[in-house]
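The values are calculated or read from the model by the stated rules, or taken from the named source; none is laboratory data. Since the model is a prediction, treat every value here as computed from it, not as a measurement. Because the Cβ atoms are built from the backbone with ideal geometry, glycine has one as well, and the counts that use them run over all protein chains shown. Ligands, DNA and RNA are stripped out before the accessible areas are found, and what is left, the full protein with its side chains, is counted by its heavy atoms. Shrake-Rupley method; radii C 1.70, N 1.55, O 1.52, S 1.80 Å.
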Amino acid sequence: MRLRPSSPLTFDLPPRFFFFFNFIFYFSVRTAVFAPPPAGAGARPLAGAAVPEEPGTESDDLTDSEESVYSGLEDSGSDSSTEEEEEEEEEEPKDGSPSQAHAKGAPRKSRSLEVDSAWKENQDLLIQNEYEEDSSDEEDIRNTVGNIPMEWYQDFPHIGYDLEGKKIYKPIRNKDELDKFLEKMENPDYWRTVQDKMTGADIKLTDEQVDLVHRLQKGQFGDVHFDPYEPAIDFFSHEVMIHPVTNRPADKRSFIPSLIEKEKVSKLVHAIKMGWIKPRKPKEDTPTYYDLWAHEDPNSILGRHKMHVPAPKMKLPGHEESYNPPPEYLLSEEEKLAWEQQEPAERKLNFVPQQYRCLRAVPAYSRFIHERFERCLDLYLCPRQRKMRVNVDPEDLIPKLPKPRDLQPFPTTQALVYRGHTSLVRCLSISPSGQWLVSGSDDCTVRFWEVSTARCMKTLPVAGVVKSIAWNPNPTICLVAIAVEQSVLLVNPSLGDKLLYGATDQLLESYVAPEEERVQPVQWVVATTEEHSKGIRLIVQHSRPVKQVTWHGKGDYFASVLADNSNMQVLIHQTSKRWSQNPFRKSKGLVQCVLFHPIRPYFFVATQRYVRVYNLLKQELTKKLMTNCKWVSSMAIHPGGDNIICGSYDSKLAWFDLDLSTRPYQLLRHHKKALRSVAFHKHYPLFASGSDDGSVIVCHGMVYNDLLQNPLLVPVKVLKGHALTWDLGVLDVLFHPTQPWVFSSGADSTVRLFT
């Protein structure tokens, strides 16, 4: 039986009690009807008959099931109704009533029929009231799975079973994030809606429940009316009272010896006699002492003794500290004056050697206390620590690089020397076919050589020092750009296939000038008849001296770098339209060299310390590479387009991986002097650098298709042959387009081929 919290005197009873009470009620009614009324007492009203209300009684009393908050079983409300009926029967009416007169004059048979009909009406009224007034929430608990963890049904479509054993399926909750967001925005009660884990339904919390949650979050009591600080009632006070708290008589077992305890004691006595239980030994209070180093090996060295570093001993006195030193240890007047002018830390001796006649004449040492104090400071302030030497094999520190013979082919020996220039050979370039080589020198000539024989095929005199030279990379065009003073000469060398250089002349002559002349930063001048006979076709005149010229991969555009600090340092020219433009509005520093990307529309501009990468289509800066060098001298790009190398005048070569970082992937310091030129091979994994130390260093630079694998850089050969002239060595290096050969030009007026 459960006590209902709403009514302390009402119980939930099983159905068998309900039937029992109805049975008793029936017989009590029959007895009340058939029994004659006592003398002087009015007749009781029948069960179910109307009873006039007394003044002062409450007519709207709620039944127990209306007041109840928690539900009972199927018979809820029946016991309360029965009790109320019994109470009504027990009540005596104060004055006579018609029902009383009717009960007196009616015969017995009609009286029994009336009782039966009244009992049936009472039953119908009970059942009707039970279902009307029952506020049980047992019907709301549709999930009868019991008090088990609901996580057990987390991966199942149902959430429990009903009384018939059928599955109770979870409600369909197909709300996505958008539906939840809309509900959160539109539903004003979204914040107080929670999901019931037992039924899966959404429940809106009432104001009282929300207040309860807030109080529990603040650490307060759930009940508002609970006072935690109410005065405590001292039931058992210190005052002796007359009457006891309880006057219950003592049990019989309190003054009769316990047989169970007697049995336990006899078992313990038997166990002690048999020796199974031994008495506890008394504790010894005497303190125990032991030798800390008793079990220590006398031959072993303790860690603290092993790491002990003895104090450094003082330097023993020498001849100069004697009271009668040899004459060569005594200072002269000039040496004394110099000793006094020196700083105390710079003096070799912190005293002046003196000579005395005998030991008795030696006075007390004036700096004795000072030196003792400094010695004490040295002993306790100077940290002494034994450095554990790491035994590392020096071979392990050297990175494991492949052997050079496994990385062949690469140039190893000097094959040909191209002689003919009389001054510095500053620049080199080679035809796309690899058959012809062109060189520019300070002797104001440009020479065209046959690569395989080192024969000079043609000599072109120019008006000044040749600073840069570039052969058009397009194999269908035979054209060479030469930077001389303030001009760029476009020369057709007329070497090789007649159809090829004839088509080049036809292409240049097919130009049609526009109707309106456009303003350009340079002037395009057609060569005169005399210049045309030498091979010069066009002259691009600049406002400043030109120090570099380079072609685009398609062969129509070329760029020139001017020796100027303004925004006119870099110009881009189009040969087919004879049109030039300045791509930059303002200067970003002193430009050293420029390059076109071999595949993508990128333009590399190298200043003294940085390399800027511009996107020509979007006309914006893409990257800014930090070279970590003081002065960039040259630049070359890998044929794949993802790696570049930069040489600098502070003898460094920086390899950049454009996909990895804006800082150098590796800095190579193989040369002893300034680097003048760097170059990549178009097909082989080789790159070379030429320096003022007269050497060309060839390195193996393998770039892998796997982006997770870093490039492999291995120096494989040092090529020497150029003689140093005016402290200048190799001025330019260049790879053959198809063979693993390298060309170098030097200050000794020669061009050398290494194969």
May I ask you to list pairs of residues, at least six apart or on different chains, whose Cβ atoms are under 8 Å apart, with the first in segment 197-217 being over 28 Å from Trp152 (Cα atoms) and the second being open to solvent by 80 Å² or more (accessible area, probe 1.4 Å)?
Asp211/Val224; Arg215/Phe221; Arg215/Val224
Return the residues of segment 176-203 that are open to solvent by 100 Å² or more (accessible area, probe 1.4 Å), outside any loop (DSSP other than H, G, I, E, B) and touching a helix residue (DSSP H, G or I) at 6+ places or on another chain (Cβ under 6 Å); say none if nothing qualifies.
Lys184
Scan segment 427-448 for residues that are closer than 19 Å to Ala463 by Cβ and assigned to a loop (DSSP other than H, G, I, E, B) and jot them down.
Asp442, Asp443, Cys444
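Mind counting the residues in segment 258-288 that are within 60 Å of the chain's Cα centre (by Cα) and either of a type in the set (Val, Ile, Thr) or open to solvent by 100 Å² or more (accessible area, probe 1.4 Å) (or both)? So that I can check it myself, show each step before the final result.
Quick first cut of segment 258-288, residues within 60 Å of the chain's Cα centre (by Cα) only: 287-288.
With either of a type in the set (Val, Ile, Thr) or open to solvent by 100 Å² or more (accessible area, probe 1.4 Å) (or both) added as a condition, the list becomes 288.
Qualifying residue count for the region: 1.
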Going by the conditions given, is Thr575 without any contact (Cβ under 8 Å) to a residue 60 or more places away in the chain and hydroxyl-bearing (Ser, Thr, Tyr)?
no
Out of all the residues in segment 477-497, which are under 56 Å from the mean Cα position of the chain (by Cα) and not in a strand (DSSP E or B)?
Ile477, Cys478, Leu479, Glu485, Gln486
So which residues in segment 330-380 are over 17 Å from Met314 (Cα atoms), surrounded by 10 or more Cβ atoms within 10 Å (Cβ to Cβ) and either of a type in the set (Lys, Arg) or touching a Cys at 6+ places or on another chain (Cβ under 6 Å) (or both), if there are any at all?
Lys336, Arg347
Lone qualifier among Val591, Val613 - being touching a residue at least 12 places away in the same chain (Cβ under 8 Å), open to solvent by less than 40 Å² (accessible area, probe 1.4 Å) and not in a strand (DSSP E or B):
Val591
Can you tell me which of Ala294, Ala311 is open to solvent by less than 80 Å² (accessible area, probe 1.4 Å), part of a loop (DSSP other than H, G, I, E, B) and either modelled with pLDDT of 90 or more or touching a helix residue (DSSP H, G or I) at 6+ places or on another chain (Cβ under 8 Å) (or both)?
Ala311
Per the filter on segment 659-681, residues part of a loop (DSSP other than H, G, I, E, B), in contact with a strand residue (DSSP E or B) (Cβ under 7 Å, 6 or more places away or on another chain) and either crowded, with 19+ Cβ neighbours inside 10 Å or touching a residue at least 40 places away in the same chain (Cβ under 8 Å) (or both) are Pro664, Tyr665, His670, His671, Lys673, Ala674, His681
If I ask for residues that are among the small types (Gly, Ala, Ser) and in contact with a strand residue (DSSP E or B) (Cβ under 7 Å, 6 or more places away or on another chain), which ones from segment 703-745 would you list?
Gly721, Gly729, Ser744, Ser745
For segment 344-360, pairs from a residue that is touching a residue at least 40 places away in the same chain (Cβ under 8 Å) and under 17 Å from Leu330 (Cα atoms) to a residue that is open to solvent by 50 Å² or more (accessible area, probe 1.4 Å) and acidic (Asp, Glu), with Cβ under 7 Å and 6 or more apart or across chains, are none
Scanning segment 521-566 for residues that are of a type in the set (A, V, I, L, M) and under 50 Å from the mean Cα position of the chain (by Cα), the one surrounded by the fewest Cβ atoms within 10 Å (Cβ to Cβ) turns out to be Ala563
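Can you tell me which residue among Val678, Val742, Val714 is β-branched (Val, Ile, Thr), in contact with a Cys (Cβ under 8 Å, 6 or more places away or on another chain) and under 23 Å from Thr550 (Cβ atoms)?
Numbers: Val742 fails: in contact with a Cys (Cβ under 8 Å, 6 or more places away or on another chain); Val714 fails: under 23 Å from Thr550 (Cβ atoms).
It is Val678.
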Considering each of Asp692, Asp748, Asp642, Asp706 in turn, give the residue that is surrounded by 15 or more Cβ atoms within 10 Å (Cβ to Cβ), more than 30 Å from Asp442 (Cβ to Cβ) and not β-branched (Val, Ile, Thr).
Asp642
What tally of residues in segment 449-476 results from selecting those that are open to solvent by less than 10 Å² (accessible area, probe 1.4 Å), assigned to a loop (DSSP other than H, G, I, E, B) and touching a Cys at 6+ places or on another chain (Cβ under 9 Å)?
2
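Just name the residue that is surrounded by the most Cβ atoms within 10 Å (Cβ to Cβ) out of those in segment 709-729 that are closer than 17 Å to Asn643 by Cβ and touching a residue at least 12 places away in the same chain (Cβ under 8 Å). Even if it seems obvious, please write down each step before you answer.
First pass over segment 709-729, keeping only residues closer than 17 Å to Asn643 by Cβ: 709-715.
With the extra rule that they be touching a residue at least 12 places away in the same chain (Cβ under 8 Å), the set shrinks to 710-715.
Details: Asn710: 13, Pro711: 17, Leu712: 14, Leu713: 19, Val714: 16, Pro715: 15.
Once the filter is applied, the top-ranked residue is Leu713.
Restricting attention to segment 350-401, and to residues there that are in a loop (DSSP other than H, G, I, E, B) and among the hydroxyl-bearing types (Ser, Thr, Tyr), which single residue is modelled with the highest pLDDT?
As a first pass, look at segment 350-401 and keep what is in a loop (DSSP other than H, G, I, E, B): 350-358, 362-367, 382-393, 398-401.
Next cut, among the hydroxyl-bearing types (Ser, Thr, Tyr) only: 356, 365-366.
Values: Tyr356: 92, Tyr365: 87, Ser366: 87.
Applying the filter and picking the extreme gives Tyr356.
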Which condition number in (1) touching a residue at least 60 places away in the same chain (Cβ under 8 Å); (2) out of contact with any helix residue (DSSP H, G or I) (no Cβ under 6 Å at 6 or more places or on another chain) is the one that Glu517 fails?
(1)
Listed by first then second residue, the pairs whose first member lies in segment 461-476 and is among the acidic types (Asp, Glu), whose partner is open to solvent by less than 30 Å² (accessible area, probe 1.4 Å), with beta carbons under 9 Å and at least 6 positions apart or on separate chains, are none
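Does Asp732 satisfy the criteria of being among the charged types (D, E, K, R), touching a Ser or Thr at 6+ places or on another chain (Cβ under 9 Å) and part of a strand (DSSP E or B)? Let's see the steps before the verdict.
On the way: among the charged types (D, E, K, R): yes; touching a Ser or Thr at 6+ places or on another chain (Cβ under 9 Å): yes; part of a strand (DSSP E or B): yes.
Yes: the conditions hold for Asp732.
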Test set (1) of a type outside the set (S, T, N, Q); (2) open to solvent by less than 60 Å² (accessible area, probe 1.4 Å); (3) at pLDDT 85 or above - Lys624 fails condition number
(2)
Any chance Leu507 is part of a helix (DSSP H, G or I), open to solvent by 60 Å² or more (accessible area, probe 1.4 Å) and under 17 Å from Asp556 (Cβ atoms):
yes
State all residues of segment 545-583 that are among the polar types (S, T, N, Q) and over 17 Å from Thr504 (Cβ atoms); if no residue qualifies, say none.
Gln548, Thr550, Ser560, Asn565, Ser566, Asn567, Gln569, Ser580, Gln581, Asn582
Going residue by residue through segment 233-256, is there one that turns out to be under 30 Å from Thr193 (Cβ atoms) and open to solvent by 100 Å² or more (accessible area, probe 1.4 Å)?
no
Checked segment 162-175 for anything in a loop (DSSP other than H, G, I, E, B), farther than 16 Å from Asp202 by Cβ and open to solvent by 80 Å² or more (accessible area, probe 1.4 Å); matches are Leu163, Glu164, Lys166
